[in-house]
Structure formats: structure tokens, C-alpha cells
1. Criterion first (closer than 21 Å to Gly149 by Cα, touching a residue at least 40 places away in the same chain (Cβ under 8 Å), under 31 Å from the mean Cα position of the chain (by Cα) and in a strand (DSSP E or B)) does Ala346 satisfy it?
2. Find the residue count for region 262-299, including only residues that are in a loop (DSSP other than H, G, I, E, B) and without any contact (Cβ under 8 Å) to a residue 60 or more places away in the chain.
3. Being farther than 23 Å from Ile276 by Cβ and in a strand (DSSP E or B) is the filter here; which residues of region 206-234 pass it?
4. Select, from Val383, Val311, the only residue that is aliphatic (A, V, I, L, M), without any contact (Cβ under 8 Å) to a residue 24 or more places away in the chain and in a strand (DSSP E or B).
5. For region 328-344: of the residues being hydrophobic (A, V, I, L, M, F, W, C) and crowded, with 18+ Cβ neighbours inside 10 Å, which is farthest from Ile377 (Cα to Cα)?
6. Here are some residues: Leu402, Leu332, Leu356. Which one is among the aliphatic types (A, V, I, L, M), over 27 Å from Thr160 (Cβ atoms) and in contact with a strand residue (DSSP E or B) (Cβ under 6 Å, 6 or more places away or on another chain)?
7. For Thr278, which of the numbered conditions (1) buried (at least 19 other Cβ atoms within 10 Å of the Cβ); (2) closer than 25 Å to Phe164 by Cβ; (3) among the hydroxyl-bearing types (Ser, Thr, Tyr) fails to hold?
8. If Gly386 satisfies all but one of (1) farther than 19 Å from Ala302 by Cα; (2) at pLDDT below 85; (3) not charged (D, E, K, R), what's the number of the condition it fails?
Amino acid sequence: MMSALMIFMVATFTCPTWGLPSEEIDLMVKELQGKMRARKAEAAVLMTAITDLRNSRKLEEESECFTSKISASDPTVCFIQNKYPSTIVDEYGTLKSIGKEYGRLKLEGELASPSLSPTVSPSNSPTTSPTYTPSFSTIATTFDDMSGGYKYAGAAAVGTVVYFAPRSQNNVGVLDTQTSDFTTIATTGVSGSGGQGKYRGAVAVGTVVYFSPSNQDHVGKLDTQTSIFSTIATTGVSGNAKYSGVVALGTVLYFTPYYQNNVGVFNTLTSKFTTIATTGDAATGFSKYFGAAAVGTVVYFAPFRQLNVGVLDTQTSNFSTIATTGVSGFLLYTGAVAVGTKVYFAPYNQHNVGVLDTNTSTFSTIATTGDAASGNIKYEGAVAVGTAVYFVPSAQKDVGVLRTEYTRL
């Protein structure tokens, strides 16, 4: 900055035509000195505002967030380097957005100018975490032939669309979860008409949905891109009520043992069908499990007549069980789906949704509500879209919906 002596010399030797008395020149010098002091003071106040803002906003690397300097060519200009392009302060201390390099802030007026005190947005002070609870609701099916029981048994999702496995229906049910519209796609061939217990369970591999054979001696297949339904014959396994549920690990399908004393295994690439024997309480008997879900490389089977959850480690082919606690009776659950590390079981005669925490191997329940609070043969199958679980209607005239998180109370 110019010193008072330099200004005096300029006024005395370079401007002789001014003809101003020396006392007036002295007053001018003092006025200029005052203005320069004012600019320095304003710059200091601005830097204080920046520091306060920096501290209050708690930006990363606070000590390096802002630097500034007074322009050598213009003492009324302050440069502020912005290492965080999304934030900067203007001459009033208000946060603004600028480019990546420098913000040019003009310091105008005297100290009586608008205050440079920072205008800081309210800090995100800690608040009490909201309380959440799962919620249950229904979506109506809207077709004339949706009356009666045993409509569908199992479901799979492709994107936001849910496909329901036909049990006594001669079609695949289709639910668009974005619009809640329910439509159907006709089954064809040997599955085209008649018969109870066609399929029990469904799973998607890419855009193809596979249906688990119950009374059918083949695997049902639906190409969701073309809406074409076809079948693939199973070999080495026969009889009714074979399997009741299916889950995919990669391109390999695992079928839930119902009357069979084994887990069915189907490779979708080779169409080869094999089995893994069940053990312990599940080595014999009928109506063992109904539905399956996978967490990692472990498959969990939903208890139907069994008072335990069947567990298959697909890495070792070892079969074991986890006891259900607090649940009694029979014909318990018919369908399973995993959300995170928890498995949810669809209520059949139970008035609750079964929940298995696979981290702790603990079993608990969530009560059903509304029309699903009572009655039997409620749902057969479950599928997750995001953190919401949709239950397949059997005797119910609605789709059950469980929001596993987060419904604010």
C-alpha cells in the first residue's frame, strides 16, 4: 500500500496545478490513511467471519479450507481460495457456491457497511433417532377367476415386477409393484389347464423365472421379456408333492423338500437334476418344508410340518436344522425370502410372519393384521422388492405386504 509520504510526494510534485493549501493536502492524506486502515480492518473482520464459519460448518481439513490475501493492485479486493468448490462466503459471511479456483470479493463501503458477521446455516445438531416398526398391508387381486383357494404358491421378482407360481390357476400372476396393477400370463402345454398343485415356488435367474415342480414332472419356465411359458423335464424324481419352493445360487436351483427326502438340485446351464439327502428329523416324513431363501451360500427352508428351519450349506452339501422357538402347531409357513441377513417366512396357518436372524440363529415373529390377523391358508410364498416383502395370496384375496423398515410411528 502507498505510504502517506508517497501520497504527499505525488500531491506535491506531480500535481502542481492543484493549487491546494498544504493543510487541505494534509487532510486528504489523513483521509486516505483512514480509508486504508478501514480496508485492512474489514479484511480482518472478514477473515474472522471465515474462521467462524469454518469452525461452525466443521468442514474437513478445517485448517486448510480457506486462505486469503489482499490484492497488491487494489486494497479493496480480497481473494479467497476455495479448496471445497461447493462452499464459499461472500462479503457478508454468507455461504455461496463458486468455481474451483478463486472467489473475488469486493470490499465496498466504510466500516459502517452491512455487517460482516457470518450468516451460518443451522447446524445439524444431534436429534433423537426416529422409532420404526414393520407394517403390514394388502393389495387386491382384480380378476374374475381369482376366487377360491390354492391360487398361487410361490413368487419371484424381476426388477419391480412380481411373478406368482400357478398352483391351481392356469396362469402366472403378475404384480407391478410400482402401480399395484395385477395381471396374468397363461400357462401352456402340460401346464395349460386342469390339475391342482402344479408348482410350488418360483425363482428368477436373470429375466427367466423358474417354477418348482410339485405334482408336475418338470420345471416350469417363463421368459419375462417375451411372456413365453415352457417346461423342462426332470429326471430321476417322480411322484406328487415333490418339492415346495426353490432358490437360486448363481445358475443352480435348490428345490425345497416336501414329500421328497432330499433337496432337489437343478443346473440351469446343463439342465442336469441331482439330489442331496435330508438328515435328522427331516430324513423322513412328509410336508417337511415349504419355501426357501439363501443368505450367502447357505439355503434356509421354511418349516411347514417341521418345528425347525432346514439349513443346507451348499459349499459342503451338509444339511442341518435350527429349532423354531415360541411357535407350535403344524402347517406353519409356506414361503421364505431374505432381506439382508434375516429370513422372513410367509404365514400359512400362523397369524404371524416368522423371522430368522441368520447371524444369531434366533427365531422370532411379527403379527399379521387386518384380514390376515386370523384364518388359515393365508399365503403361499414370499418375495422381496427392496426392503418390502410381498406374500403370495392363497385363500386370502389380497397380497400381504411387510415393510421390514422403516415405517415411522
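The values are calculated or read from the model by the stated rules, or taken from the named source; none is laboratory data. The model shown is predicted, which means the values in this text are computed figures rather than measured ones. All Cβ positions, glycine included, derive from the backbone under ideal geometry; neighbour counts span all protein chains shown.
1. Working: closer than 21 Å to Gly149 by Cα: yes; touching a residue at least 40 places away in the same chain (Cβ under 8 Å): yes; under 31 Å from the mean Cα position of the chain (by Cα): yes; in a strand (DSSP E or B): yes.
Spelling it out, Ala346 is indeed closer than 21 Å to Gly149 by Cα, touching a residue at least 40 places away in the same chain (Cβ under 8 Å), under 31 Å from the mean Cα position of the chain (by Cα) and in a strand (DSSP E or B).
2. Quick first cut of region 262-299, residues in a loop (DSSP other than H, G, I, E, B) only: 268-271, 278-279, 284-288, 296-297.
Subsequent filtering for residues that are without any contact (Cβ under 8 Å) to a residue 60 or more places away in the chain retains 269-271, 278-279, 284-288, 296-297.
Result for region 262-299: 12.
3. Going through region 206-234, the residues farther than 23 Å from Ile276 by Cβ turn out to be 206-209, 222-231.
Val208, Val209, Leu222, Asp223, Ile228, Phe229, Ser230, Thr231, listed by residue number.
4. Matching residue, one of Val383, Val311: Val311.
5. If we take residues in region 328-344 being hydrophobic (A, V, I, L, M, F, W, C) and crowded, with 18+ Cβ neighbours inside 10 Å, then Val339 is farthest from Ile377 (Cα to Cα).
6. Working: Leu402 fails: over 27 Å from Thr160 (Cβ atoms); Leu356 fails: over 27 Å from Thr160 (Cβ atoms).
After applying the criteria, what remains is Leu332.
7. Condition (2) is where Thr278 drops out.
8. (2)
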